[in-house]
Structures are given as structure tokens and as C-alpha cells.
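As C-alpha cells, the structure follows; a few thoughts come after it.
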Amino acid sequence: MNEFPVDCRPLTVENLDDLLNFMETDAFSDNPRWRGCYCVFHYLSDERDGDWTIRSCSDNRTALTRMVEDKRGHWIVAYGEGRIVGWVNADIGTRLKRYDEWGVRVDPATGIVACFVVDPRLRLRGIARQLLNAAVEALWASGVKNVDAYVTTDPKALSESEKELGPDQLAHHGPLAMYLKVGFEVIEQKGAMSHVRLKTPANRDSGE
């Protein structure tokens, strides 16, 4: 298929309603049970914010709205043909509290690309790759030295509940091939996940 060109922009209060409309209509049309996440899962921890499994859609919608208003999160949205057709959550790793809960050790100099959602009708058209490139540029501009991601590469090692997910849902972290194509390298395999990293040009040159 031909690439679907998009205009990638930061999520702000000005375009939040566009994202909420996308989340509540097209984004999860093939996976309604994830519709209530509102892309706040990685910012919360069960210990601090309560059991994720019993949080309501309304709780998460309110949390997203407040985080955008307070500029406490970082998302990039992709516009195509006058509407949002995808987004990526990518932020300084220490802000993404779920990774602490998972035992991932991150520092303020590392950004993490957490997840993508693309309109099911437009998948495999290069939208996620365009969002990834925009996310990397934004994280570098914030001063990080590394950009990391944790990608599902061994479905056999997933938990029983995760094995029930479809291939598109398993790819919500982004496919490994996409990361490798833009310069990420695999630095560790842990269970079902590959830990990939892209160093900033200055960091690569310094050998850090």
C-alpha cells in the first residue's frame, strides 16, 4: 500500500477534543475493550493510583484531560485528511510510572516510546513510523540521551491473558522491524519483549 502522509503535532488543549473523538470512535473500533484506556495506563501505577482493572472509563478520560491541561504528559497526534488518524505516547521514562511497577530502571536522560494507536482502516500505511520519527525528535529536543522501547517479539512467552490479544493489539508498542529501520538496536531480550534503544547522534559519537 502507498504511504499515508500525516501531519504530526503535539497533543495540547487545543486539539484534545479531536483526540477524544478519535479515541471514542475510530481508534478502537476493532478492539472496544481498550477504548477506556485513554492512553494514561503507562502514567499510572496500581500502588499510587489504585487497581487499574477497576478504574472507570470516566476516571481515565478525566485523568487524560487534566494531564494535558497541566502539561504533565506527552503525546503526539497524527492528522490526515482533516482528522486525527493515530497517536503515540512517548515521554521521559521517569514520568511513566508503570515501568517502575514492571521493574524497568529508567533515568531522566532516557525517553520511552510506550504505545501507538492507528485507525484500523489505515494500518500498514506508514503512520506509526511517521509518529515514531516525530516522537524521537521531540524527545531529543527535550534533552534525553537515549530513546527506548519495549517491543513484543516472542508471543509464546506472553501471559495467558495476553495471548488472547490479536496481532494488531500485540503490536501496540510498535513492530520491531519499524524500530530497526530507523536506527534502534536491540540491547536485551526479556521474556516476550525486546528492549530496543536509539542514542542521540551526540551520544553515539561520544561512545556512551
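The values are calculated or read from the model by the stated rules, or taken from the named source; none is laboratory data. Remember, it's a predicted structure, so these values are computed and weren't measured experimentally. As a convention, Cβ positions derive from the backbone with ideal geometry for all residues, glycine included, and neighbour counts pool all protein chains shown.
Looking at the stretch 155-171, is at least one residue crowded, with 17+ Cβ neighbours inside 10 Å, modelled with pLDDT of 90 or more, within 17 Å of the chain's Cα centre (by Cα) and under 16 Å from TRP87 (Cβ atoms)?
no
Name the one entry in LEU198, LEU180 that is under 17 Å from the mean Cα position of the chain (by Cα), surrounded by fewer than 17 Cβ atoms within 10 Å (Cβ to Cβ) and modelled with pLDDT of 70 or more.
Matching residue, one of LEU198, LEU180: LEU180.
Would you check which residues across the stretch 1-34 are closer than 20 Å to LEU170 by Cα and part of a loop (DSSP other than H, G, I, E, B) and list them?
ASP26, ALA27, PHE28, SER29, ASP30, ASN31
Failed condition for THR62, given (1) modelled with pLDDT of 95 or more; (2) buried (at least 17 other Cβ atoms within 10 Å of the Cβ), with all others met?
Of everything listed in (1) modelled with pLDDT of 95 or more; (2) buried (at least 17 other Cβ atoms within 10 Å of the Cβ), THR62 misses just condition (2).
Being of a type in the set (Gly, Ala, Ser) and at negative phi is the filter here; which residues of the stretch 130-147 pass it?
Passing the criteria: ALA134, ALA135, ALA138, ALA141, SER142.
Taking the conditions exactly as written (more than 14 Å from the chain's Cα centre (by Cα), within 21 Å of GLY143 (Cα to Cα) and surrounded by 14 or more Cβ atoms within 10 Å (Cβ to Cβ)), does THR94 satisfy them or not?
Yes: the conditions hold for THR94.
Kindly indicate which of VAL144, VAL104, VAL136, VAL151 is surrounded by 19 or more Cβ atoms within 10 Å (Cβ to Cβ), farther than 24 Å from PRO32 by Cα, among the hydrophobic types (A, V, I, L, M, F, W, C) and at pLDDT below 95.
VAL144
Would the stretch 111-121 turn up any residue that is in contact with a Ser or Thr (Cβ under 6 Å, 6 or more places away or on another chain), modelled with pLDDT of 85 or more and closer than 21 Å to HIS42 by Cα?
No, because not a single residue in the stretch 111-121 is in contact with a Ser or Thr (Cβ under 6 Å, 6 or more places away or on another chain), modelled with pLDDT of 85 or more and closer than 21 Å to HIS42 by Cα.
Six or more apart or on different chains, Cβ under 6 Å: which pairs go from a residue in the stretch 64-79 that's under 25 Å from ILE127 (Cα atoms) to one that's buried (at least 22 other Cβ atoms within 10 Å of the Cβ) and among the polar types (S, T, N, Q)? Could you list them?
What qualifies is TRP75/ASN89.
Give just the number: which of (1) touching a strand residue (DSSP E or B) at 6+ places or on another chain (Cβ under 9 Å); (2) closer than 18 Å to GLU137 by Cα does CYS39 not satisfy?
CYS39 satisfies all of (1) touching a strand residue (DSSP E or B) at 6+ places or on another chain (Cβ under 9 Å); (2) closer than 18 Å to GLU137 by Cα except (2).
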